[in-house]
Structures are given as structure tokens and as C-alpha cells.
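Encoded as C-alpha cells, the structure appears first; notes follow it.
The values are calculated or read from the model by the stated rules, or taken from the named source; none is laboratory data. Owing to the predicted nature of the structure, the values given are computational and were not obtained by experimental measurement. Here the Cβ is made from the backbone with ideal geometry for all residues, glycine too, and neighbour counts use every protein chain on show.
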Amino acid sequence: MGKVIGRRIRKALVAKDSRKLRYNWNDITYFLEVARARNLVRAGQRLKVDHTTVSRRIRELERSLNTTLFKRSKSGFTLTETGLRLLQYAEGMENQANSITETVIGVESAQAGGAVRIASMDGIGSFYLTACIADFHKQYPSIQVELITDTRLLDLTRREADIFVSFFKPQGRRLSVKKIGEFRISLFAASAYFQQHKSPGTLKELEDHSFIDFIDEHIHIKENRWMSDILRPSHTVFRSTSLVAQYTAASSGLGIAMLPSFVASHNKDLRPIMPNLFSLRDIWLSVHEDLLHISRIKAVQSFLEKRIAADRGALLGQNKRQRA
């Protein structure tokens, strides 16, 4: 009797085991691309398949795992909490697959490929990081760089970006954060401005001039309040949330702007005002710990660290002209 019961238990366990969730490993590739592209069409382009194929494979993966991996909306696909957990394992699988290639053909021969999304502030993203991408592409033509310049703080823990380049030290769960440089901010104005105004030589004289600055209520990061590091101007003629707009306004002769060296160096007509008045900001590079061993992430991280170190003089305003 005992043997019969034992056989029934084993049979039940086998039957239960056969009902375990199964999925197609190849669907993980589709999942990763949609998680990164947040769009079926772009994911399909990267995978060289039609977007309907991507949609079908994602639905099949969700059906196999009996869960919802993405929230669908007009703005695209965003990961659910379950999707975020799966992403950690999926990227681990991808990393192990890349390790096979590196082991077989050698690390130097292995080509890191795919997309890397960098988030940063408007100014450094538009004026500095973008200027670096051409050189990076020559070294890694198979890596596509996506740059987000946003006034809000993006969440690396929710994978809104892969790498974050910031002026402040981010706080977050399981983030690898490293200071990789610093830059100088000082006052600049165009020659057109000085056709109507006398160049100031003292703080008292500076108070009589017209200034360009950020919009106070839209400054979400205290590190962007750099004008207040040296003075609080009484006459501001133009404000903008965009450092690009401030640079353009200063270049047209509208007023005096406090600009990073990597911004002002793009216009030879911008003249420094009282160079002894300046401030410094740190440059921080942040990556989620789960991404540190992915080849394309390592490639971008290493490139930025080396490039910013090489450009130290220009970033600190010690060179006449920043490398384009």
C-alpha cells in the first residue's frame, strides 16, 4: 500500500513539474530591445524584423510567464515591476552570452554592440557630450548612443537611462557613482553688448549691468544655481530653463551670462568678464550596478572617463579653445 501511495506522489510531482512555466529563450532578446527602445518599431529596426513580430514575441513571452512585463501607452512601453525584475536576469543572460564571444575570440576582438542611453543636463549634453560622440563612433561603430537632456531627474533604478552624467552626486539603490571631472563657470558677454555698455572692473560696477539667468522656480537642481555663487543681479533681462537659450541670448549681445567654459568656448566673440569671479562644479558618472559588466556600457563609461580627463584643461577654462 505504501509503495502505491509513493508512486502516486511521485506521479503527482512529475505532473506538477510538467506544468512549470516554459518560455522561448529567443524571446528574451525581443524583451531587452523593447525595454531599451520603449518602442516596437525601433526595437524591430534594431532586430531587423517587422514590429509586428516584436509585438507577437513579447505577447508570447508574457503568456508563457503568465505576467505583464510592459505598460502600454501612447508614449511607448515602460517596464512593470515584474519587467524590471526580469530585466536584471535578462541582462545577466546577455552578459554571459557576450562573455562566450569574448572567451572564444578574445576581448579585444569582441564587438560591443547595441544602444546605450545617456541622460544629462541640457548644456553639457548639447555642447560637450554631443561633440564627443563622433570620436566614440569611430571606435565603436556598432554602438548607438541615445542622449536625453531633461530638466527632471531621471531614475536609473527604473532604467530610464543606462548612464547618467550630472553636476551632483546622485543617490539611489545599487548605483555605481564616480566623480570623473569638474568644470569652471564664469561670466561672459559678446562684443555687441560692450558696444552699449562699459566693461565692469569691480563688483559695484557689475551691479549696473544686464544679466541672463535661469528661471528660479524651474531650477530643480541646486547645482544649477551658479549665478548666486558670485552675485545676485538686480537687473535680469532674460531668463530661460535652457542653457542653450542663455548662450544664444548672450551671443546676440542681450546681456551677461554665467556660462560653463565648455559652452562659452563655442563662440570666440564671447569675452570673459572679471575672470577672478568663477565657480566650479563636479562631473559625476552613474551606472546601475546590474549594467557594469555589459560590454557596450563599459565601452561608453571608459570612453567618457578618458575623454573628460583629457579635456580637463578646457573644462577648467585653462585652454583658449575647447576641442570640438
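This table checks each residue for (1) modelled with pLDDT of 90 or more; (2) surrounded by 14 or more Cβ atoms within 10 Å (Cβ to Cβ); (3) more than 23 Å from residue 144 (Cα to Cα); (4) in contact with a Pro (Cβ under 6 Å, 6 or more places away or on another chain).
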site: 247; (1), (2), (3), (4): yes, yes, yes, no
site: 259; (1), (2), (3), (4): yes, yes, yes, no
site: 264; (1), (2), (3), (4): yes, yes, yes, no
site: 271; (1), (2), (3), (4): yes, yes, yes, no
site: 287; (1), (2), (3), (4): yes, yes, no, no
site: 295; (1), (2), (3), (4): no, yes, no, no
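Cβ-Cβ distance below 9 Å, separation of 6 or more or different chains: which pairs start in the range 171-189 with a residue that is under 11 Å from residue 285 (Cα atoms) and surrounded by 15 or more Cβ atoms within 10 Å (Cβ to Cβ) and end on one that is among the charged types (D, E, K, R) and at pLDDT 90 or above?
180/282; 180/305; 181/282; 181/305; 181/311; 181/312
Scan the range 251-279 and report the pairs whose first residue is assigned by TED's automatic domain parsing to the domain that holds residue 227 and farther than 19 Å from residue 214 by Cβ and whose second residue is crowded, with 17+ Cβ neighbours inside 10 Å and polar (S, T, N, Q), with Cβ atoms within less than 7 Å and a gap of 6+ or a chain change.
265/322; 267/251; 269/251; 272/186; 275/186
Given the conditions (1) surrounded by 14 or more Cβ atoms within 10 Å (Cβ to Cβ); (2) in contact with a Pro (Cβ under 9 Å, 6 or more places away or on another chain), report the number of the one that residue 208 does not fulfil.
It is condition (1) that residue 208 fails.
Go through the range 165-174 residue by residue and tally those that are assigned to a strand (DSSP E or B) and farther than 28 Å from residue 274 by Cα.
Of the residues in the range 165-174, 1 are assigned to a strand (DSSP E or B) and farther than 28 Å from residue 274 by Cα.
Return yes or no: is residue 304 of a type in the set (A, V, I, L, M, F, W, C), assigned by TED's automatic domain parsing to the domain that holds residue 133, farther than 30 Å from residue 209 by Cα and at pLDDT below 90?
So residue 304 fails the test.
Could you tell me which residue of the range 54-101 is surrounded by the most Cβ atoms within 10 Å (Cβ to Cβ), considering only residues that are at pLDDT below 75 and within 20 Å of residue 289 (Cβ to Cβ)? Before you say what the answer is, go through the steps one by one.
Taking the range 54-101 and keeping what is at pLDDT below 75, we get 95-101.
Then drop every residue that is not within 20 Å of residue 289 (Cβ to Cβ), which leaves 95-99.
Values: 95: 16, 96: 10, 97: 11, 98: 19, 99: 14.
The residue in question is 98.
Being modelled with pLDDT under 90, on the phi > 0 side of the Ramachandran plot and either surrounded by 12 or more Cβ atoms within 10 Å (Cβ to Cβ) or in contact with a helix residue (DSSP H, G or I) (Cβ under 6 Å, 6 or more places away or on another chain) (or both) narrows it down to one residue among 38, 46; which is it?
Values: 46 fails: on the phi > 0 side of the Ramachandran plot.
Residue meeting the stated conditions: 38.
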